[in-house]
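Q: Take a look at the following structure, please.
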Amino acid sequence: MRKLYIFDTTLRDGEQSLGITLNVQEKIEIARQLVKLGVDVIEAGFPASSPGDLASVRTLARELQGVIVCGLSRAVEGDIDSCAEALREAEYPRIHTGIAVSPVHMAQKLKLSPDQVVETAVAAVKHAKKYVGDVEFYAEDAFRSDLPFLARVLEQVIEAGATVVNIPDTVGYATPWEYGEMVTYVREHVPNIDRAVLSIHCHNDLGMATANSLAGIMAGAGQVEGTINGIGERAGNTSLEEVIMAIYTQRSRYGIETGVHTREISATSRLVSRITGVPVPAHKAIVGSNAFMHASGIHQDGVLKERTTYEIINPEVVGVPKNRIVLSARSGRHAFKYRLAELGYQVEAERLETLYQSFLQLADQKGEIFDQDLHALVGGNIVED
Ligand code: KIV
Ligand code: ZN
């Protein structure tokens, strides 16, 4: 099995979501849960961005054990110094520094030539190496870069000491096959790539962050970056829980494993949602409230006969105690009878049919039918167990 490193940036890229600001206590609560979840790296913040963020990263660096604590910095000496200062007490510190490499970012945002970008990137990595052994380099907007240029930058930063190189799809522009091709290109054209871990970092502007990340992993990336619940700027980042469970459900086919304790996924998602105030959509994969609910009669009948007919994941594996059969006008007799039996009612066949017709009439008016509705429905007309 190949080990895939999980880099969580909920507290940095996730916190860049519109409307989220986390104080240090909130960051610690989330970070402790991330440690329980078993991620390998926690990106705690961007220390040079504000004194508050520097203080938060410093506290997390001091408090967290058994995990790499990472801080972001631009390829600017002052940023790197702040980052190093914030990480001083970390058991396993990592500085994540980098610069944009796409033509539009270099010309319009940085106003630097490609040669100047290479020079700045190399200087940043060398400067970070004065403080820590573990330096990750990000090539911002790598997906829209000129690939030979990207390969040149990566080769030089690895030569300068980068231990991890990150090739983000910063603006969520890639499709899975193109992102996978970029990873393959880098693996084939950066001669010293085996001296570093190749990391992927995707955004969800086209709704493909998870698919792109999986394509990158299949093409040989060794680390995946993302956030819990996919929170992040604009349409968000890769949802780590989706990638983790895709790897988990396909582990024998992929031959890849993570160190994640999947049973902590649901608790982690709920905590991040509560603290950030960002609700999880009901239909969200893995962690949405509907993810393990069955609504239609055909599906309910199947699941009651054999769970795997309509469930690819046992809910307990992600920390959800059990699936739920929701009774509504779409439910069939099997689910209706099953729930009555669970409530302690044994109903003869003829009576069951009459009750089922009344149930359908009620469900047409009410939508979901709850246990108290069933108790009222059966009233005294049944034989109790
Ligand atoms: O999306 C991106 O390019 C980033 C980098 C700063 C790592 O978040
Ligand atoms: Zn990002």
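Q: All but one of (1) within 12 Å of Arg74 (Cβ to Cβ); (2) part of a helix (DSSP H, G or I) hold for Phe143; state the number of the condition that does not hold.
A: Condition (1) is where Phe143 drops out.
Q: With respect to Val317, is the statement that it is at pLDDT 95 or above, under 18 Å from Gln33 (Cα atoms) and buried (at least 18 other Cβ atoms within 10 Å of the Cβ) true?
A: no
Q: Can you spot a residue in the range 282-290 that is on the phi > 0 side of the Ramachandran plot, small (Gly, Ala, Ser) and out of contact with any helix residue (DSSP H, G or I) (no Cβ under 9 Å at 6 or more places or on another chain)?
A: Within the range 282-290 (the criterion being on the phi > 0 side of the Ramachandran plot, small (Gly, Ala, Ser) and out of contact with any helix residue (DSSP H, G or I) (no Cβ under 9 Å at 6 or more places or on another chain)), the answer is no, since none of the residues qualifies.
Q: For the subset of the range 200-222 comprising residues that are outside any helix (DSSP H, G or I) and closer than 18 Å to Ile286 by Cα, which member is nearest to ligand 2 (Cβ to nearest atom)? Spell out how you get there, then give the answer.
A: First, the residues of the range 200-222 that are outside any helix (DSSP H, G or I): 200-208, 219-222.
Filter once more, so that each one left must be closer than 18 Å to Ile286 by Cα: 204, 207-208.
Details: Asn204: 10, Gly207: 16, Met208: 15 Å.
Among residues in the range 200-222 that are outside any helix (DSSP H, G or I) and closer than 18 Å to Ile286 by Cα, the one nearest to ligand 2 (Cβ to nearest atom) is Asn204.
Q: Might you let me know whether the range 181-203 holds any residue that is within 12 Å of ligand 1 (Cβ to nearest atom) and over 16 Å from Leu4 (Cβ atoms)?
A: Yes, the range 181-203 has at least one match.
Q: Which one is farthest from the chain's Cα centre (by Cα), of the residues in the range 147-180 that are more than 16 Å from ligand 1 (Cβ to nearest atom) and β-branched (Val, Ile, Thr)?
A: Ile158
Q: Additional query: Out of the residues in the range 1-22 that are surrounded by 24 or more Cβ atoms within 10 Å (Cβ to Cβ) and more than 12 Å from ligand 1 (Cβ to nearest atom), which is farthest from Gly226 (Cα to Cα)?
A: Leu11
Q: Would you point out which residue out of Ile42, Ile28, Ile80 is outside any loop (DSSP other than H, G, I, E, B), at pLDDT 95 or above, of a type in the set (A, V, I, L, M) and more than 21 Å from Gly277 (Cβ to Cβ)?
A: That would be Ile80, the only listed residue that is outside any loop (DSSP other than H, G, I, E, B), at pLDDT 95 or above, of a type in the set (A, V, I, L, M) and more than 21 Å from Gly277 (Cβ to Cβ).
Q: Can you confirm whether Glu225 is under 14 Å from Leu34 (Cβ atoms), acidic (Asp, Glu) and either in contact with a Leu (Cβ under 8 Å, 6 or more places away or on another chain) or in a helix (DSSP H, G or I) (or both)?
A: In short, no.
Q: If we keep just the residues of the range 129-186 that are of a type in the set (S, T, N, Q) and touching a Phe, Trp or Tyr at 6+ places or on another chain (Cβ under 8 Å), which is farthest from ligand 2 (Cβ to nearest atom)? Step through it out loud before you land on a result.
A: Narrowing the range 129-186 to residues of a type in the set (S, T, N, Q): 145, 156, 163, 166, 170, 175, 184.
Keeping just the survivors that are touching a Phe, Trp or Tyr at 6+ places or on another chain (Cβ under 8 Å) gives 166, 170.
Numbers: Asn166: 9, Thr170: 6 Å.
Here the answer is Asn166.
The values are calculated or read from the model by the stated rules, or taken from the named source; none is laboratory data. Treat the numbers as computed from the prediction; the structure is a model and nothing was measured. Neighbour counts run over all protein chains shown; Cβ positions are idealised from the backbone, glycine included.
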